[in-house]
Amino acid sequence: MSLRPVAVLLACATLAAARPADAQQAQPAALERPTIATTIEGEWALEAGSGRAQKLETRIQSQLDQSLPRGLRLTAIGRLHADAYERLAPGGPHQAEIWTPTRRLELGDRVDLELRELYLEGRIGPAWLRIGKQQVVWGQADGLKVLDVVDPQDFREFVLDDFDDSRIPLWTANVEVPVGPATLQLLWIPDPSAHDVPRPGAAFAFRAPRLVGPRPPPGVAVKVRAANRPDPFRGSDLGARLAGRFRDWDLTANYLWHYDDAPVLRRSLRFPDGVPTADVQPEYARAHVVGVTASNTFGELTVRFEAAYMRPRWFPTDDADDRDGAVRGDELGAVVGLDWYGFRDTLLSLQLFPTLLPDDEPGLLRDRLDTNVTFLARRSFRNERLVAEAIWLHNLNQGDGAFRPELRYELRDGLWVWAGLDWFYGTRDGLFGQFDARDRALLGFEWGLPTL
């Protein structure tokens with residue numbers, strides 16, 4: 001992993017902490033001791049169909065926070081990850097689409113070390129600045145994403161992992177400035193990392209045609225070439241978000257100009273040695289994302305709305321007359337969420353995710369209007385030491401989905417254990433049904449050590 005961004009950040013921290021000689025003489029600098037919080041987490045997953053273990057992983061994550069002069073703060077988060085099996089990432093982390101300074105350090109096929117986040121933050125006049133490797137969260141949807149598109153995603157476990165864990169933090173300059181009663185957030189992201197998609201052979205490798213394109217005819221080989229990656233800095237992403245409150249509504253207006261983290265899969269047919277071979281060339285294309293969010297609370301009911309219009313997007317097609325297997329179009333995605341707290345210690349949440357393609361392109365491998373629905377039920381008992389939760393995700397078009405019940409119990413302060421199921425259903429062409437053979441049972445624990 002390149003240390004240049006780390007050195008730059010540490011140099012910035014040193015300069016920011018420096019004071020004129022007279023100021024230091026008047027008031028000697030006295031830094032507080034850093035705090036270190038560590039969490040140890042383990043999870044075992046057993047596939048229901050084959051009866052074999054899918055993963056046995058351990059994650060040790062530590063976060064260091066150091067206060068600096070002038071109100072600045074330095075945060076570093078590191079994670080050690082080990083998995084006794086290689087079924088989620090055969091051969092170790094792929095990381096071909098991850099920028100070198102963002103990649104994990106591989107300590108073997110089954111162990112890796114990651115600088116998860118490293119940033120300096122503080123106020124400069126009326127502005128608040130955070131610079132370094134970090135997560136930027138837009139949107140409020142649960143289970144599936146609409147406007148949360150600033151950071152790419154690690155799909156090692158499809159959409160089953162928590163968003164905080166599946167997001168790939170990026171090297172970012174993030175500044176927020178007041179604009180009247182509102183706040184304007186500006187982003188500069190020179191990090192060209194994209195979605196980390198499992199390779200063929202991994203447990204959750206994509207198989208649905210809507211994601212990878214039509215299946216080749218019998219006798220046709222497929223060769224996937226290395227992706228054409230955007231250049232760092234010259235291919236920087238830029239974003240802005242205006243957030244405020246109007247008549248009890250929390251509102252945002254968002255804009256992102258970025259390279260779409262999902263590559264365009266362009267294909268061509270060639271005949272080396274007389275063998276028909278489909279060459280697939282992944283390419284990354286610029287896209288504009290315009291979005292809005294709105295939320296309000298009416299007694300025991302919270303209403304959420306989120307929408308994102310993306311232009312352009314590229315979709316695989318099976319149109320025989322299409323020369324490269326990809327068609328250009330726009331996409332409008334939205335989510336309407338209702339969260340109800342009417343029962344004691346209980347949350348009931350319903351979300352509707354419609355996605356519309358305004359243009360009717362030939363050969364599309366998905367419906368123009370595609371709709372997912374989610375339902376979440378969560379209840380806590382015994383002063384929140386026992387939590388029962390179930391989330392159901394369902395696609396209305398293809399009738400496939402996933403059901404995920406879980407039971408968590410706090411054995412002692414900071415030590416949680418849990419058991420759960422991930423059950424998929426539907427046809428192999430469905431977004432969820434493609435993993436119908438990946439149903440699994442899970443056991444896990446999370447132990448938060450005392451802060452040092």
field: Given (1) more than 19 Å from residue 212 (Cβ to Cβ); (2) surrounded by fewer than 18 Cβ atoms within 10 Å (Cβ to Cβ); (3) out of contact with any Pro (no Cβ under 6 Å at 6 or more places or on another chain), index of the condition residue 390 fails
entry: (3)
- request: Look at residue 198 and say whether it is of a type outside the set (Val, Ile, Thr), assigned to a loop (DSSP other than H, G, I, E, B), surrounded by 15 or more Cβ atoms within 10 Å (Cβ to Cβ) and touching a Gly at 6+ places or on another chain (Cβ under 7 Å).
  value: no
- request: Taking the options 80, 56, 129, name whichever one is within 21 Å of residue 421 (Cα to Cα), part of a strand (DSSP E or B), at pLDDT 95 or above and of a type in the set (A, V, I, L, M).
  value: 56
task: For the stretch 377-402, enumerate the residues that are among the β-branched types (Val, Ile, Thr) and free of Cβ contacts under 8 Å to residues at least 24 places away in the same chain.
output: 387
field: Whichever residue in the stretch 210-240 is at positive phi and of a type in the set (Gly, Ala, Ser) and, among such residues, is surrounded by the most Cβ atoms within 10 Å (Cβ to Cβ)
entry: 213
field: Of the criteria (1) at pLDDT below 95; (2) within 29 Å of residue 401 (Cα to Cα); (3) in contact with a strand residue (DSSP E or B) (Cβ under 9 Å, 6 or more places away or on another chain), which one residue 147 fails
entry: (1)
- prompt: Where in the stretch 258-376 are the strands (runs of 3 or more DSSP E), entirely inside, with at least 3 residues that are more than 24 Å from residue 398 (Cβ to Cβ) and either touching a residue at least 40 places away in the same chain (Cβ under 8 Å) or not charged (D, E, K, R) (or both)?
  reply: 264-270, 277-283, 286-298, 301-316, 346-356
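For every residue, the table says whether it meets (1) of a type in the set (Phe, Trp, Tyr); (2) within 19 Å of residue 98 (Cβ to Cβ).
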position	(1), (2)
204	yes, yes
212	no, no
220	no, no
228	no, yes
262	no, yes
266	no, no
query: Name the pairs whose Cβ atoms lie under 7 Å apart, with the first residue in the stretch 142-165 and without any contact (Cβ under 8 Å) to a residue 12 or more places away in the chain, the second surrounded by fewer than 20 Cβ atoms within 10 Å (Cβ to Cβ), and 6 or more positions between them or separate chains?
result: none
message: Can you say whether residue 192 is in contact (Cβ under 8 Å) with a residue 12 or more places away in the chain and either loosely packed, with under 14 Cβ neighbours inside 10 Å or not hydrophobic (A, V, I, L, M, F, W, C) (or both), as far as the supplied structure shows?
response: yes
message: Looking at 359, 422, can you tell me which residue is in contact with a strand residue (DSSP E or B) (Cβ under 6 Å, 6 or more places away or on another chain) and modelled with pLDDT of 95 or more?
response: 422
- prompt: Taking the stretch 165-201 only, how many residues are of a type in the set (A, V, I, L, M), under 30 Å from residue 41 (Cα atoms) and modelled with pLDDT of 95 or more?
  reply: 3
query: Only one residue in 79, 87, 52 is surrounded by fewer than 16 Cβ atoms within 10 Å (Cβ to Cβ) and out of contact with any Phe, Trp or Tyr (no Cβ under 8 Å at 6 or more places or on another chain). Which one?
result: 52
field: Check on residue 96, at pLDDT 95 or above and surrounded by fewer than 17 Cβ atoms within 10 Å (Cβ to Cβ)
entry: no
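The values are calculated or read from the model by the stated rules, or taken from the named source; none is laboratory data. In this text, all values refer to a predicted model and were calculated from it rather than measured experimentally. No Cβ is skipped: glycine too gets one built from the backbone with ideal geometry, and neighbour counts run over all protein chains shown.
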